[in-house]
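Taking it in order: structure first as structure tokens, then the write-up.
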Amino acid sequence: MLEHSLFDRSLSDRSRIAVSVVICVYTEERWDSLLAAVDSALRQDLPPVDVLVVVDHNQVLLDRLVDRFASTPDVTVLANAGTRGLSGGRNTGVAAARGEIVAFLDDDAVAQPDWLSWNADGYADPAVMGVGGLTLPVWASGRRPRWYPEEFDWVHGATYRGMPTGRARVRNVLGGNASFRRRAFDVAGGFDAGIGRGADAGRPGESKPLGGEETELCIRIQQADPEAVFLFDDRSVIHHQVPRQRERFGYFRTRCWAEGLSKAQVAGSVGAGDGLSSERRYVTRTLPSGIARGLVRAVRGDLAGLGSAGAITVGGLVTAAGYAVGSLRRIRPDGGGTGGAQ
């Protein structure tokens with residue numbers, strides 16, 4: 001039943017769904033990128049009922065954006081009413097959204113005109129609680145660094161090798177290009193403010209690109225409602241900027257470490273069984289295949305394949321080490337915990 005209802009929906013059916021778009025921002029350094037993101041949201045084939053720009057505890061940026069969009073009725077600028085960080089901003093957007101579907105777009109990404117159409121198309125079946133789409137990297141240098149493995153495109157927020165193609169059921173969506181049914185938040189609550197970007201802002205010496213808040217939420221929704229379904233649809237496309245800093249191996253290594261810490265937080269919140277189910281397949285299948293592919297490239301004369309194989313090996317080991325350290329921190333009496341879901 002699920003497959004038929006998902007694929008047989010007409011465009012006229014999609015147009016009856018009210019979709020809100022939430023874009024969370026925190027820095028003026030992405031001003032031009034943010035304006036492009038908002039413009040792409042407003043120019044959708046399926047127009048959103050509202051576009052909410054949520055500013056994360058930055059009064060200067062908030063005032064500037066309020067002035068910029070004062071004459072744009074479909075755009076509402078809000079201050080993050082929750083804890084500093086991405087989760088607090090997203091929860092603020094959800095609370096203010098008018099649509100029955102709430103879609104999230106990164107502030108440094110541009111959505112294709114049919115992004116929301118394909119996104120909304122996934123909600124034909126009432127069991128579907130969330131839909132994610134394809135995120136393509138836009139490299140600041142003009143092309144992918146030859147050593148950079150596609151298996152680790154999640155480092156810069158893009159869809160990575162190992163994810164499904166077409167439309168497929170997944171454990172969780174990726175937050176930069178994702179949507180949720182509003183009632184999913186009624187079922188499980190909001191994003192956990194103790195997980196994800198900004199969650200370590202108040203911890204001395206901590207400032208890492210953490211993530212995982214959307215993974216934790218999806219698992220929590222499925223635990224509260226075992227019939228809940230999450231979909232990936234590669235026709236719902238956004239283009240995500242990758243600045244030069246994120247093309248470097250130093251950032252790659254730092255982000256892998258942070259991902260390990262994040263996975264430990266997610267596992268601590270929802271349990272290791274659910275929290276690491278997809279990661280086990282990734283480690284045992286995707287990464288070995290990527291290493292082999294890199295070595296084959298090297299044998300055929302492309303020595304950058306050695307760099308790719310090496311990056312996969314280092315990335316996997318660093319992520320595992322981060323997970324181990326994060327797990328130890330979590331179980332120590334002074335580890336701080338992961339925080340409660342809002």
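The values are calculated or read from the model by the stated rules, or taken from the named source; none is laboratory data. These figures come from a predicted structure and were not determined experimentally. Glycine gets a Cβ as well: all are built from the backbone with ideal geometry, and neighbour counts include every protein chain shown.
Scan region 238-276 residue by residue and report those that are surrounded by fewer than 20 Cβ atoms within 10 Å (Cβ to Cβ) and under 22 Å from Ser179 (Cβ atoms).
His239
Only residues that are under 18 Å from the mean Cα position of the chain (by Cα) and in contact (Cβ under 8 Å) with a residue 60 or more places away in the chain: list them for region 140-159, please.
Result: Glu150, Glu151, Phe152, Trp154, Val155, His156, Gly157, Ala158, Thr159.
What pairs can you find where one residue is in region 314-342 and among the hydrophobic types (A, V, I, L, M, F, W, C), the other is modelled with pLDDT of 50 or more, and their Cβ atoms are less than 6 Å apart, with a gap of 6+ or different chains?
Val318/Arg253; Val318/Cys256; Val318/Trp257; Ala341/Gly189; Ala341/Asp192
Output yes when any residue across region 90-107 is within 17 Å of Glu214 (Cβ to Cβ), at pLDDT 95 or above and polar (S, T, N, Q), and no when none is.
The answer is yes, given that some residue of region 90-107 is within 17 Å of Glu214 (Cβ to Cβ), at pLDDT 95 or above and polar (S, T, N, Q).
Based on what the data block shows, is Ala79 closer than 17 Å to Trp31 by Cα and more than 22 Å from the chain's Cα centre (by Cα)?
The answer is no for Ala79.
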